[in-house]
Amino acid sequence: MPLMVVFHFTEKGKLPKLSSEELKNVRAKFLEVLKEYPDVTFYGTWVNEEGMGICLWDAPNPDTVREIVAKVLGSPPVDPVIDVKKVL
């Protein structure tokens, strides 16, 4: 399965600071929606203090990731979703 990276680096794309309860709720929503996509794996989100970061997925294509994010958060990611391949 191709590896997808969702970037969060522009002002609109940065992730807001969320409480642990809010993060728990978002994660639960992702897990619920992912039941509809048995071939997709969401590995998680990594961010710095400014909200810039990445999300890693195994998914067939960037459009599938955009679709899942839109179902969970109400809109697709603002910043790019790209398909990457390991080179080293």
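Computed from the coordinates by the stated procedures, all read-outs in this text should not be read as laboratory data. Fair warning: this is a prediction, and the values are worked out from it, not measured in the lab. Counting neighbours? That spans all protein chains shown, and the Cβs are built from the backbone with ideal geometry, glycine included.
Return Val65, Val5 ranked ascending by Cβ neighbour count within 10 Å, so the fewest neighbours appear first.
So the ranking, lowest neighbour count to highest, is Val5, Val65.
Given the chain, what count of lysine pairs have C-alpha atoms under 19 Å apart, with each pair 8 or more places apart or on different chains?
Working: Lys12/Lys71; Lys14/Lys24; Lys14/Lys71; Lys17/Lys29; Lys24/Lys35; Lys24/Lys71; Lys29/Lys71; Lys35/Lys71.
Counting lysine pairs in the chain gives 8.
If you work out mean projected area of the Cα convex hull in nm² from the coordinates, which of (i) 7.9; (ii) 6.2; (iii) 5.9 do you get?
(iii)
Which one of Leu18, Leu56, Leu34 has the biggest mean-square fluctuation once the chain is modelled by GNM with Cα springs under 10 Å?
Result for the chain, Cα springs under 10 Å: Leu18 fluctuates most.
Would you mind calculating the relative contact order of the chain from Cα pairs under 8 angstrom and at least 6 residues apart, reporting the percent as a whole number?
Once normalised by length, the contact order is 45 percent.
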